[in-house]
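One structure follows; several queries about it will come next.
The values are calculated or read from the model by the stated rules, or taken from the named source; none is laboratory data. Bear in mind the structure is a predicted one, so any value in this text is a computation, not a measurement. A quick note on method: Cβ atoms are made from the backbone with ideal geometry, for glycine too, and the neighbour counts reach across all protein chains shown. Just so you know, the surface numbers come from the protein's heavy atoms only, side chains and all, with ligands and any DNA or RNA stripped out. Shrake-Rupley method; radii C 1.70, N 1.55, O 1.52, S 1.80 Å.
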Amino acid sequence: MLRSAESHNARATGTDLAFQRCINPSCGATYEARSVRTSCDRCGDLLDVDYDWDRAGLPSRMNEFEAMWSRRHDPVRFSGVWRFHELLPFVPTDQVITVGEGQTLLQQTDAVGKYVGMDAGRLHLQYEGMNPSGSFKDNGMCAAFTHAHMMGAKRAACASTGNTSASLALYCSATQLMKAVIFIGSGKISYGKLSQALDYGALTIQIAGDFDDAMLRVKQITQELGIYLVNSVNPFRLEGQKTIMYRVLEALRWEVPDWIVVPGGNLGNSSAFGKAFMELKQHGLIDRVPRLAVINASGADTLHELVERRGVRWNSGNVDMDPIRAYNDHMDREALRADTIASAIEINRPVNLKKCLRALDFMDGVVRQVSDQEILDAKSRVGAGGFGCEPASAASVAGAKLLRREGVIAPSDRVVCILTGHELKDPTATVAYHTTDQEVFNSVLGSRGVTTANFANRAVPVPNELDDIIKAIRLYS
Ligand code: F0G
């Protein structure tokens, strides 16, 4: 485990200035930061981590964080999460846990920008797949893991479509501070992610069901056995995920983009981004807020259905639950379950729905859905014009393209698409897209409505003869 060389400084930091607060403004119950909860005791709503900001020692300008990078010999300031500790000060710097997360990159790419329909120089891709476990989850995991350790936890658990579990398993193996217990739906996790959990030594419970079933079970089990839950219902997770936005701003020299486009699954990221911008605006550290686009896969489109079709809104915290209940009942009655090649976001009932509604409200957001065909085509363009990503991540690029087509995003807007997971997380989907083997294509993609690999880069079969090989290279290059 890496620990900070920074001493417990004079500034007030840590649990003395942090607390948990119910997100429902008409409840507003508060709880100690030093307590483990995933919902409000009084009304059952989600919780935020909040701070006594007056005592937090905030910088007066965002560019003051640049000085932290010069202290990167210290693991805390090397971390792309804890470098911004002043904006998530729920723990003193000498108690944070880091495995070097957050060394990510914002790539400006005209190749992908052209595909999306943007003017040159306007599309940026935020590569969260560069994190130690290969996805954005490490941003939140280091924060939740730190809180778990603070609380003396010896075991931590999560339900996962694969990336949360890979991340938890990695923090457990790399620090040796806790044992990981992970719940996954059977046949619902890509091999890249499953292999990580197994290799890192996590206790892997593969239940007969999907992510939503696993989520219900892990909530019960963690309560019953007193295991610390690290899913994004844990408000400390989202504190870490706020830093994705800080790094985007940092890469843009603290200029606020016009759009943040992010895939939506359990809606932790979109919720965290909303909170990040609410706080920065409140502190006067930014003068305007980007718009948010949350992109569902059409095979897992609960948020899109509720917001864009059934008109569900944050409504100052008074969310109308009737259409939500009606939709859930309809899904149950018809036995409708999420199904998409973007397995990371194959989720029926996003746990952070209300926080996401709040983020959409604050960031003047929109929700869209894109088909598996659009996702895989966009993914291939990211691969051909950048460093690649897993299918769920490409939903952001496909969503940006759709919003451009609709005229909601202008070609001159500055757009940041969040690429949430690494290319190598799901090689099955990639190979099936590019394969010449129709059987492989059909078995992986056929049932998902993917009819054509519009940008397939097929391997060229050649006899093992020098002349034939040279001929093939001349023909195809
Ligand atoms: N992209 C990837 C690669 C993911 O793994 C996830 C979520 C999302 C997008 C959606 O993010 O939940 O914040 O809306 N994966 C979770 C998991 C559910 O278990 O790994 P969200």
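Assuming a ≥ b ≥ c are the square roots of the Cα gyration tensor eigenvalues, decide whether the range 333-443 counts as rounded (a/c under 1.5), prolate (otherwise, with a/b larger than b/c) or oblate.
Here the range 333-443 falls in the oblate category.
So, one more: Would you compute, from DSSP H runs of 4+ residues alone, the mean residue ellipticity of the chain at 222 nm, taking -39500 (n - 2.57) per run and dividing by the full residue count, rounded to the nearest 500?
-11000 deg cm²/dmol
Just order 44-54, 311-321, 135-145 by mean Cβ neighbour count inside 10 Å, highest at the front, would you?
Highest to lowest by the protection proxy: 135-145, 44-54, 311-321.
While we're here: Sorted by mean Cβ packing within 10 Å, highest first, what order do the peptides 293-305, 162-174 take?
The densest-packed peptide leads the list: 162-174, 293-305.
Could you give the length gained by full extension between LYS154 and ARG333, i.e. 0.36 nm per residue of separation minus their alpha carbon distance, to one decimal place?
Extra length from LYS154 to ARG333 when fully extended: 60.4 nm.
Pairs LYS242/LYS379; LYS193/LYS379; LYS193/LYS281; LYS137/LYS355: which are spaced more than 28 Å apart, C-alpha to C-alpha?
The answer is LYS193/LYS281.
Also, I was wondering about something else. Once phi is turned into θ = phi - 60°, what whole-Hz ³J(HN,Hα) does the Karplus curve with 6.51, -1.76 and 1.60 give for every residue of the range 329-346, x standing for Gly and Pro?
Once θ is set to phi - 60°, the couplings for the range 329-346 become 4, 4, 4, 5, 4, 8, 6, 8, 10, 4, 8, 8, 5, 7, 4, 4, 10, 7 Hz.
Averaged per residue, what accessible area in Å² does the chain show with a 1.4 Å probe, protein chains only?
40
Where the centre of each part is set by its Cα atoms, how far does the range 449-477 sit from the range 227-262, in angstrom?
For the range 449-477 versus the range 227-262, the Cα centre distance is 41 Å.
Below 13 angstrom from the Cβ of GLY365, what's the summed charge of the other residues (Lys, Arg +1; Asp, Glu -1)?
+1
Which one of LEU357, ALA335, THR451 has its Cα pushed farthest toward the positive end of the charge dipole of the range 335-477, where Lys and Arg give +1 and Asp and Glu give -1 at the Cβ?
In the range 335-477, that residue is LEU357.
Could you go through the range 309-318 in sequence order and give the Karplus-derived ³J(HN,Hα) for each residue, using 6.51 cos²θ - 1.76 cosθ + 1.60 with θ = phi - 60°, rounded to whole Hz, and x for Gly and Pro?
9, 9, x, 6, 9, 5, 6, 6, x, 8
Now, a different point. Using the Cα centre as the reference, give the magnitude of the dipole from point charges on the C-beta atoms of the range 310-430 (Lys, Arg: +1; Asp, Glu: -1; all else neutral), rounded to the nearest 20 debye.
Rounded to the nearest 20 debye, it is 300 debye.
Here's another thing I want to ask about it. Accessible area of the chain with a 1.4 Å probe: how many percent of it is carbon plus sulfur?
In the chain, the share of accessible area belonging to carbon and sulfur is 48 percent.
Shifting gears a bit: So, in Å, what gap is there between the alpha-carbon centers of the range 400-437 and the range 100-157?
16
Please compute the contact order of the range 380-466 in relative form: average sequence separation of alpha-carbon pairs under 8 Å and at least six residues apart, divided by the residue count, as a percent.
Once normalised by length, the contact order is 28 percent.
Taking a ≥ b ≥ c as the square roots of the Cα gyration tensor eigenvalues, with a/c under 1.5 meaning rounded and otherwise prolate when a/b beats b/c, else oblate, which class fits the chain?
rounded
Amide H neighbours of ASN231 under 5 Å, at least 5 residues apart or on other chains, H built in the peptide plane: list them.
Under 5 Å from the amide H of ASN231 lie the amide H atoms of ALA159, each far enough along the sequence or on another chain.
Take peptides 200-206, 232-238, 433-439, 82-88 and line them up by average Cβ neighbours within 10 Å, highest first, as a rough protection proxy.
Going by the mean number of other Cβ atoms within 10 Å, highest first, we get 232-238, 82-88, 200-206, 433-439.
Return the sequence-ordered ³J(HN,Hα) values of the range 263-278 in whole Hz as given by the Karplus equation 6.51 cos²θ - 1.76 cosθ + 1.60 applied to θ = phi - 60°, using x for Gly and Pro.
Per residue, the Karplus-derived 3J(HN,Hα) values read x, x, x, 7, 6, x, 4, 4, 5, 5, 5, x, 5, 4, 6, 4 Hz.
Select from CYS158, GLY113, TYR246 the residue farthest towards the positive end of the dipole of the chain; place +1 on Cβ of Lys and Arg, -1 on Cβ of Asp and Glu, and compute about the Cα centre.
TYR246
Are there cysteines in the chain with no other Cys C-beta under 4.7 Å, and if so, which?
So far as the 4.7 Å Cβ criterion goes, CYS142, CYS158, CYS172, CYS356, CYS389, CYS417 stand without a partner in the chain.
While we're on this one: First check a/c for the range 255-304, with a ≥ b ≥ c the square roots of the eigenvalues of its C-alpha gyration tensor; if it is under 1.5, answer rounded, and if not, answer prolate when a/b is larger than b/c or oblate otherwise.
The shape class here is prolate.
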